[in-house]
């Protein structure tokens, strides 16, 4: 799991970013569930996913404030 770059995210539309948030949140939920059931050994990926969600939400907020 690689971390997303804010520079790359700023080039995308708000609709694309919202789709990415939904996708990342679903993957985060699955990763957390896999940790509970001891199916996931790479626990660092949870942190990366959390940070990705935060980055995407920040860029969405920036775009929405910029348009207002």
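Below, the figures for the structure above:
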read-out: Per-region count, segment 1-14, residues outside any loop (DSSP other than H, G, I, E, B) and more than 14 Å from the chain's Cα centre (by Cα); value: 1
read-out: Matching entry among 56, 35 (being without any contact (Cβ under 8 Å) to a residue 12 or more places away in the chain, out of contact with any strand residue (DSSP E or B) (no Cβ under 7 Å at 6 or more places or on another chain) and assigned to a helix (DSSP H, G or I)); value: 35
read-out: Condition check for residue 18: surrounded by 11 or more Cβ atoms within 10 Å (Cβ to Cβ), out of contact with any helix residue (DSSP H, G or I) (no Cβ under 6 Å at 6 or more places or on another chain) and in a helix (DSSP H, G or I); value: yes
read-out: Among the candidates 28, 40, 4, residue that is in contact with a helix residue (DSSP H, G or I) (Cβ under 7 Å, 6 or more places away or on another chain) and modelled with pLDDT of 95 or more; value: 28
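The values are calculated or read from the model by the stated rules, or taken from the named source; none is laboratory data. In this text the structure is predicted, and so the values were computed from the model without any measurement. Heads up, the Cβs are rebuilt from the backbone with ideal geometry, glycines too, and the neighbour counts pull from every protein chain shown.
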